Amino acid sequence: MKLIEALEILRKEPPEPSDAFRAFLASGFEPLHLQTFLTAQLRLAFPGRKTQILSGVYGDFWGNLDRLSALGADVGILFCEWSDLDPRLSLRSLGSWEPSTFPEVLSNVRARASHLVEVAEKLSRQTTVVISLPTLPLPPVSFTPGWHAGALDLELKAIASSAGAKLALLANVKVLNSERLDRASPPGARLDAKSELAFGFPYQLTHASVLAEMMSHLVSAPTPKKGLITDLDDTLWSGVLGEEGFDGVFWDLEHHSQSHGLYQRLLDALSETGVLLAAASKNDPQLVAKVLDRNDLILSRQAIFPVEAHWRPKSESVSRILKTWNIGADSVVFIDDSPMELAEVKATHPDIECILFPKDDPQALLELLHQLRDLFGKGVLSQEDGIRRESIRRFQENVREFEGRDGKLEDFLAQAKAELTLNFSKEPLDPRALELVNKTNQFNLNGRRYTESAWQSYVKQPDTFLLIAAYKDKYGPLGKIAVLAGQTRAKKILLDVWVMSCRAFSRRIEYQCVAELFKHFQVSHIAFNFQATTKNGPLREFLAQLLGMEPRAGCELSKDEFAAIQEKTFQGVVEVPNG
Amino acid sequence: MDETEARLRRCFSAVFPSLSATAMLGADATNTEEWDSVASVTLFATIEEEFGIQIDLQATDGLLSFAGLLDHLRARTAPRSG
């Protein structure tokens, strides 16, 4: 983004919002154009919200951290440069570069880096903290020639790196990936000495622009995709199965097909983080099964579910896979080596992200692997990530088996020995709740997303209740699958938040949740803070069924109305004080 | 309006959004309320990026007006003869 483009974005007033997004930029330098870029990037990341970035006092990085603490912003955005760790590492200081001072410089930097970790830990208890560690080149303090790494330089970088590792382990703290920054903003072209000396702003515009964009990604944390559908021939493996036979397709160095092995390796790793994988291939299903059973397959056979192998259009395969997963096309990536197949799928599922597999270009393949990490990457892994794939597979297979015996869904649910565990505790605040609220699209009362600090602030209000529901049955656990939050007013609940994982659909859990709200709080009415979104059709349909009419903001359901229409539920309910 | 003026107008519009097209022609640091030192730095950075030039920050006396900047840019971007 160019500076003029950032300024033009800021010129456009967003619609008057009810909730402004407030960030605090803490740096020791004059933030100047960096603040402009950052505000513009956050405006793009949070459309419709007024973005306000406050900054502190020039030359006082550490004091600015105190100011951030006192302010209570939605997010603290920290830019720590070498000059903040020791002023002698700045162009604006004329402190000594004599070798005899090196031990003192190191000691100073070590102490301040350690202090940064302590301060960030404290700040993270009240707000989200994102940090950029030194991005600028060190001035020529060390006595070695430029091509010879001096011990001072290496030790300084080791201290910064060690602090970064400690910060990355803190909950609610995110550290900018310096390796990715290096790719987008070459280290040698970051410092603007003229601007640093004239205005105290040390960044070239291009560096400030890239840095602001990456920090904005850290702040906004784009929702990761949930599922990946892959082609097989010349994608998951090299070769055409129908021509080569099941033992004639490869994915290794020996057969000049390592790119496909690396692709499998990444898919396997994605699967371990809860990403759903499926295959859509125009192929003989029996041959496909034979390859997927090969011992040398890198990707775990169990990771791919379902496998759609036949000769019908791939868009039909994708439709069936989406139905099995019960997620929207916009949460899914489809990868194929054929532009024609990608176009056919895109025509039927315009929201799906279609990516061409670069079968003969290792460099492009590496880019693809990075791209997939970006699309599916998560800040932290939850217990639910580990059981998502298996829970979908088990449910589908068991329902299918039951239906094959002419059983009804109700009969299947009745024999599943399901148990719903309800936790109304707000302390400690379970991070899974916010994760579910911010990533659920379909069964979501109003689609509202929260920042960490906004969520904490909302939940900690004395009259706010929080309910987290976990589900398990005899086929295994689904983990924590529903979050409800709201306030009680006399004999009424004002329900602000209700999300439920798509994996929990078709089990009547939603009815059970409503029943438990009436029971637990002994209220006569529930008012739903409903807002239609482009994706929350399932929740809208459920409410319409309950209310007998299209839901609207503030629509109410009485206990008597609910009792009259309540569907049979199938879960035993356990309420726990904590956990 | 030549291309240089159009591009300079875009820079001015970005930095001084409340300035009308007419007022822009006569704008300088003394008659434009929003034109403070930060606005100057932002304007010069925007112009440097837009025109791919470096402005000598020690010699900005004639550059604190739309007209002065336009003359400066025309002189620097004019094709050289000979």
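The values are calculated or read from the model by the stated rules, or taken from the named source; none is laboratory data. Keep in mind it's a predicted model, so treat the numbers as computed, not measured. Cβ: placed from backbone, ideal geometry, glycine included. Neighbour counts: every protein chain shown.
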Looking at A:LEU181, A:LEU156, A:LEU191 in this structure, which one is under 24 Å from the mean Cα position of the chain (by Cα), away from every other protein chain (no Cβ under 14 Å) and not β-branched (Val, Ile, Thr)?
A:LEU181
Of (1) surrounded by fewer than 17 Cβ atoms within 10 Å (Cβ to Cβ); (2) among the small types (Gly, Ala, Ser); (3) farther than 30 Å from A:LYS439 by Cβ, A:ALA269 fails just (3)
Verdict on A:GLY200 being more than 14 Å from chain B (Cβ to nearest Cβ) and more than 26 Å from A:GLU272 (Cβ to Cβ):
no
Can you list the helices (runs of 4 or more DSSP H) found entirely within the stretch B:1-58 that contain at least 3 residues being modelled with pLDDT of 90 or more and crowded, with 19+ Cβ neighbours inside 10 Å?
B:3-15, B:37-51
Give me the helices (runs of 4 or more DSSP H) completely within the stretch A:473-576, filtered to those with at least 1 residues that are within 23 Å of A:LEU436 (Cα to Cα) and modelled with pLDDT under 95, ordered by residue number.
A:509-521, A:537-547
Name the residues in the stretch A:13-68 that are within 30 Å of A:ARG92 (Cβ to Cβ), small (Gly, Ala, Ser) and more than 14 Å from every other protein chain (Cβ to nearest Cβ), would you?
A:ALA23, A:ALA26, A:SER27, A:GLY28, A:GLY56, A:GLY59, A:GLY63
Restrict the check to the stretch A:105-124 and report whether at least one residue is exposed (fewer than 14 other Cβ atoms within 10 Å of the Cβ), of a type in the set (Lys, Arg) and under 30 Å from A:ALA20 (Cα atoms).
yes
Take the residues in the stretch A:366-387 that are among the hydrophobic types (A, V, I, L, M, F, W, C) and not in a helix (DSSP H, G or I), then tell me which one is nearest to A:ARG183 (Cα to Cα).
A:VAL380
Which listed residue is in contact (Cβ under 8 Å) with a residue 12 or more places away in the chain, under 15 Å from A:LEU539 (Cβ atoms) and of a type in the set (Phe, Trp, Tyr), from A:PHE521, A:PHE465, A:PHE424, A:PHE505:
A:PHE505
Just one of A:GLU419, A:GLU390 is in a strand (DSSP E or B), in contact (Cβ under 8 Å) with a residue 24 or more places away in the chain and under 26 Å from A:THR569 (Cβ atoms); which is it?
A:GLU419
When A:GLN371 is evaluated against the numbered criteria (1) within 19 Å of A:THR235 (Cα to Cα); (2) crowded, with 16+ Cβ neighbours inside 10 Å, which criterion, by number, is the only one it fails?
(2)
Qualifying position, being within 14 Å of another protein chain (Cβ to nearest Cβ) and not hydrophobic (A, V, I, L, M, F, W, C), among B:GLY52, B:GLY68, B:GLY62:
B:GLY52
Could you tell me whether A:SER216 is more than 14 Å from chain B (Cβ to nearest Cβ), in a helix (DSSP H, G or I), of a type in the set (Gly, Ala, Ser) and under 30 Å from A:ILE53 (Cα atoms)?
yes
State which residue is nearest to A:GLY48 (Cα to Cα) when the search covers only the stretch A:422-462 and only residues that are among the basic types (Lys, Arg) and part of a helix (DSSP H, G or I).
A:LYS439
